[in-house]
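A short write-up of the structure that comes next.
The values are calculated or read from the model by the stated rules, or taken from the named source; none is laboratory data. Everything numeric in this text was worked out from a predicted model, so none of it was measured. Quick reminder, even Gly has a Cβ in these numbers, built from the backbone with ideal geometry, and neighbours come from all protein chains shown. Just so you know, the surface numbers come from the protein's heavy atoms only, side chains and all, with ligands and any DNA or RNA stripped out. Shrake-Rupley method; radii C 1.70, N 1.55, O 1.52, S 1.80 Å.
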Amino acid sequence: MPHQTISHYELLEPLGRGGMGVVHKARDLKLGRLAALKFLSPHLVDSPEARTRFLREARSLSALSHPHIATIYEVDEADGAPFMAMEYLPGGTLRLRVEVAKSSGTPVDETKILDWGIGLAEGLSHAHAKGIIHRDVKSSNAMFDEEGRIKLTDFGLAKGMAGADASAASSVVGTVGYMSPEQITGGPVDHRSDLYSLGVVLYELATAQLPFSANTPGEMVNKILSTDPPSVGSVRPGVPAALDRVVGRLMSKTVDGRYQTAQEAVHDLQRIRSGSSDVSLLST
């Protein structure tokens with residue numbers, strides 16, 4: 001049975017489905033390369049708000065060009081439904097790698113934690129330099145290309161940093177468990193909120209669990225706002241103390257207590273990778 005063709009793309013197989021959209025593996029019939037086509041979910045096609053958010057993700061991605069951010073090829077529409085063609089990432093999600101490590105009882109290698117953390121931080125640094133806050137950094141929004149390079153994906157909640165858009169209080173968006181305290185309270189959110197979420201991802205990579213666990217969303221919110229998580233070293237003994245301190249600083253409950261730029265985090269993670277325990281920024 002022949003595959004369905006949309007524009008100049010041949011749909012091959014579904015890759016995933018979320019609240020906002022459906023993603024298909026596809027072949028670009030013009031260029032002969034594989035792509036991932038993300039369609040706005042059929043039940044949202046007539047929603048102006050959903051269409052605006054979908055197109056905002058496309059605009060956000062189109063403004064970015066970085067080895068650690070998924071590339072968008074184009075935005076088009078088929079039968080009234082918008083879709084975007086993106087880089088196909090066959091290596092799966094970071095979340096899947098954490099789950100495999102947990103189920104096998106073999107922790108993620110420290111070198112990989114540092115390499116992937118540096119890659120994500122470098123991608124965030126580029127996005128922030130372009131004035132874009134991701135606002136939904138999590139392990140399921142990081143994927144791997146065929147060469148094993150990690151890439152940030154899903155900028156559907158991304159927001160500009162300029163002017164009132166960054167300083168005014170906003171509605172609560174994101175994924176509880178990865179959200180910064182200011183996101184949870186609906187307060188002002190800037191690029192340092194992404195750095196908190198990066199800290200959660202690093203914690204998850206190192207320990208195969210999230211910093212906080214709870215039976216109810218309300219309990220989770222309370223823990224994020226008012227308690228400190230167990231240290232990485234207490235959950236996974238032997239982790240370099242410097243990495244534990246980096247994660248702790250990224251996850252500071254106050255924005256001023258965190259790294260002030262993603263590049264600062266890159267600097268410290270690179271020093272740990274080089275074997276140095278003298279992480280210079282940790283004392284500032």
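Laid out as a table, the results:
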{"read-out": "Conditions (1) in a helix (DSSP H, G or I); (2) charged (D, E, K, R); (3) open to solvent by less than 60 Å² (accessible area, probe 1.4 Å); number of the one not met by residue 25", "value": "(1)"}
{"read-out": "Number of the condition not met by residue 259 [criteria: (1) open to solvent by 10 Å² or more (accessible area, probe 1.4 Å); (2) in a loop (DSSP other than H, G, I, E, B)]", "value": "(1)"}
{"read-out": "Members of segment 50-63 found to be closer than 13 Å to residue 87 by Cα, out of contact with any Phe, Trp or Tyr (no Cβ under 7 Å at 6 or more places or on another chain) and not hydroxyl-bearing (Ser, Thr, Tyr), listed by number", "value": "58"}
{"read-out": "Out of 109, 46, 79, 115, sole residue that is under 27 Å from residue 262 (Cα atoms) and free of Cβ contacts under 8 Å to residues at least 12 places away in the same chain", "value": "109"}
{"read-out": "Residues of segment 127-174 classified as at pLDDT 90 or above and on the phi < 0 side of the Ramachandran plot, total", "value": "24"}
{"read-out": "Those residues of segment 51-66 which are open to solvent by 30 Å² or more (accessible area, probe 1.4 Å) and either in a loop (DSSP other than H, G, I, E, B) or within 17 Å of residue 121 (Cα to Cα) (or both), in sequence order", "value": "63, 65, 66"}
{"read-out": "Among residues of segment 83-92, those that are surrounded by fewer than 19 Cβ atoms within 10 Å (Cβ to Cβ) and either part of a strand (DSSP E or B) or charged (D, E, K, R) (or both), counted", "value": "1"}
{"read-out": "Hey, residue 245 assigned to a helix (DSSP H, G or I), charged (D, E, K, R), open to solvent by 60 Å² or more (accessible area, probe 1.4 Å) and in contact (Cβ under 8 Å) with a residue 12 or more places away in the chain or not", "value": "yes"}
{"read-out": "Contacts under 6 angstrom Cβ, first residue in segment 23-42 being under 12 Å from residue 6 (Cβ atoms), partner assigned to a loop (DSSP other than H, G, I, E, B), 6 or more apart", "value": "29/8; 35/88"}
{"read-out": "Number of the condition not met by residue 216 [criteria: (1) at pLDDT 95 or above; (2) over 24 Å from residue 192 (Cα atoms)]", "value": "(1)"}
{"read-out": "Enumeration of residues in segment 97-137 that are more than 25 Å from residue 192 (Cβ to Cβ) and in a helix (DSSP H, G or I)", "value": "97, 99, 100, 101, 102, 103, 104, 110, 111, 112"}
{"read-out": "Which numbered condition residue 69 misses (of (1) open to solvent by 40 Å² or more (accessible area, probe 1.4 Å); (2) touching a residue at least 60 places away in the same chain (Cβ under 8 Å); (3) β-branched (Val, Ile, Thr))", "value": "(1)"}
{"read-out": "Which listed residue, of 253, 223, is modelled with pLDDT of 95 or more and surrounded by fewer than 17 Cβ atoms within 10 Å (Cβ to Cβ)", "value": "253"}
{"read-out": "Neighbours by Cβ (under 7 Å, 6+ apart or cross-chain): first from segment 170-196, surrounded by fewer than 18 Cβ atoms within 10 Å (Cβ to Cβ); second among the basic types (Lys, Arg) and at pLDDT below 95", "value": "173/135"}
